[in-house]
Amino acid sequence: MARTNELAAKLLRDAGMFFRNVGEQNPDVKDQMDQNAQVYDQVAGMVESDPLAELPTQDGADQNAG
């Protein structure tokens, strides 16, 4: 039986493949689609390796505080 983080990683990788396919079919947006795919692949790896990891927010503040 698969774990939820494994399913999430698979879905993220599938989305990355989608972006790659879109880029292959549309040379004008290929670079952007490849960048999108790389982000999805990176997040998939993060979900697999440490599904409960905390990420810093963009401004460095905890958005759940307060």
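The values are calculated or read from the model by the stated rules, or taken from the named source; none is laboratory data. Everything numeric here is computed off the predicted structure, so don't read it as measured data. All Cβ positions, even for glycine, are placed from backbone atoms using ideal geometry, and neighbour counts span all protein chains on display. To get the accessible areas, we keep the full protein, side chains included, count just its heavy atoms, and leave off ligands, DNA and RNA. Shrake-Rupley method; radii C 1.70, N 1.55, O 1.52, S 1.80 Å.
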Next on the checklist: Between helix 4-25 and the chain, what is the angle of the helix's C-alpha long axis to the longest principal axis, kept within 0 to 90° and rounded to the nearest 10?
Outcome noted: 30
Checklist outcome for this item: Checked against the structure, the computed Rg and Dmax of the Cα atoms in Å among (1) 10.3, 27; (2) 13.3, 42; (3) 14.9, 47 is the one labelled (3)
Checklist entry - Pairing the Cα long axis of helix 30-49 with the longest principal axis of the chain, what angle in degrees results, from 0 to 90 and rounded to the nearest 10? => result 40
Checklist entry - With charges set only on the Cβ (+1 for Lys and Arg, -1 for Asp and Glu), what does the dipole of the chain come to about its Cα centre, in debye to the nearest 20? => result 260
Checklist entry - Using 0.36 nm per residue, how much length does the chain from Leu55 to Met17 gain when fully extended, once their Cα-Cα distance is taken away? => result 11.2 nm
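I'd like to check one number: the per residue accessible area of the chain, probe 1.4 Å, reported in Å² as a whole number. It would help to have the intermediate numbers written out before the result.
Numbers: 5540 Å² over 66 residues.
Using a 1.4 Å probe on heavy atoms only, each residue of the chain averages 84 Å².
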